[in-house]
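Visitor: Submitted below is the structure of interest, expressed as structure tokens.
The values are calculated or read from the model by the stated rules, or taken from the named source; none is laboratory data. The structure presented is a predicted model; accordingly, all values stated were derived computationally and were not measured. Neighbour counts are summed over all protein chains in view; Cβ atoms, including those assigned to glycine, are modelled from backbone coordinates with ideal geometry. Heads up: the accessible areas ignore ligands, DNA and RNA and are worked out on the full protein's heavy atoms, side chains in. Shrake-Rupley method; radii C 1.70, N 1.55, O 1.52, S 1.80 Å.
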Amino acid sequence: MIDTTSGRTPDERPANGQVETRDWHPDEQPKDEGKQNTHFSPDEADAIQLYINQLKDLLGLGQWDVFLSLASADTNTNASVHPVYGRRVVPLAVNKDWWSYSPENQRNTLVHELLHVVHNAQTEVVRTTPTSVWMWRTFERETELMVDHLAGVLDQYMPWPITPAEVAEMRAKRIGPFEEEASSE
């Protein structure tokens, strides 16, 4: 289920110098330490992607293409999202230590990141309008506080993360998203 489609990759930040996140452009590939995606087994990567899909639908983001990024998040970040400017495409990068996090932390982290997608249009207005550095930093800080608050409020309504063991079982039984694989053989 890992999507290796070209065109889902990082680009440099916008010309006006804002630095919150990097914009994404179809012509570049993300850089990762060592080989890409070697930090997750297929079952682990599929569990993350299936959980992203489940949460994205619950948050009303069905029209967005949100996928597990080939590159991992920075070592000091649980996860990050980088919506493609002008498109509803969002690579979501998680830390290589993802499976050492508690299910509560995984849930809260992904809800937090998907809430950034919910208010992407608002962020783009501020990010792409010439503003002072202090105004951008204030907006960025206040946005993080808002998203943290909302993720905490929504946690109780969100399902628990999908585990690699559950994916392995679905794959073995050829059920759920792996049903089609059985039909095509």
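Visitor: Probe 1.4 Å, all protein chains in place: accessible area of E142 in Å², nearest 10?
Guide: Taking all protein chains as shown, E142 has close to 90 Å².
Visitor: Calculate, in nm to one decimal, what Y157 and T138 gain on full extension: separation in residues at 0.36 nm each, minus their alpha carbon distance. Don't jump to the answer; show the numbers that get you there.
Guide: Numbers: separation 19, 0.36 × 19 = 6.84 nm, distance 2.96 nm.
Fully extending the segment from Y157 to T138 adds 3.9 nm.
Visitor: Moving on to the next point. Using the Karplus curve 6.51 cos²θ - 1.76 cosθ + 1.60 with θ = phi - 60°, work out ³J(HN,Hα) for each residue of the stretch 145-152 in order, rounded to whole Hz, and write x for Gly and Pro.
Guide: Whole-Hz 3J(HN,Hα) from phi for the stretch 145-152: 5, 5, 5, 4, 4, 5, 4, x.
Visitor: With a Förster radius of 35 Å, plug the Cβ-Cβ distance of I175 and M146 into 1/(1 + (r/R0)^6) and report the FRET value to the nearest 0.05. Walk me through the intermediate numbers first.
Guide: Numbers: r = 38 Å, r/R0 = 1.10.
According to the calculation, E is roughly 0.35.
Visitor: On to the next question. Starting from 0.36 nm per residue, how many nanometres of slack lie between N105 and R87 once their C-alpha separation is accounted for? Let's see the in-between values first.
Guide: Values: separation 18, 0.36 × 18 = 6.48 nm, distance 2.88 nm.
Contour length minus Cα-Cα distance gives 3.6 nm.
Visitor: Under 5 Å between amide H atoms, partner at least 5 residues away or on a different chain: which partners does V66 have, H built in plane at 1.01 Å?
Guide: Amide H neighbours of V66: V90.
Visitor: In Å², and per residue, what accessible area does the stretch 44-106 have when probed at 1.4 Å with the other protein chains present? Mind showing how you got there, number by number?
Guide: Working: 2550 Å² over 63 residues.
Computed with neighbouring chains in place, this is 41 Å² per residue.
Visitor: Quick one: dipole size for the stretch 47-147, taken about the Cα centre, charges +1 on Lys/Arg Cβ and -1 on Asp/Glu Cβ, in debye to the nearest 20.
Guide: Details: 8 positive and 10 negative charges, 35 e Å.
Using Cβ point charges on Lys, Arg, Asp and Glu, the stretch 47-147 gives about 160 debye.
Visitor: Suppose we keep just the alpha-carbon trace of the stretch 36-171; what are its Rg and Dmax in angstrom?
Guide: Final numbers for Rg and Dmax: 15.2, 52 Å.
Visitor: Right, here's the next one. Tally up the carbon and sulfur contribution to the accessible surface of the stretch 98-185 as a whole percent, 1.4 Å probe, everything protein left in place. Can you show the working numbers first?
Guide: Working: 3090 of 5200 Å².
That fraction is 59 percent.
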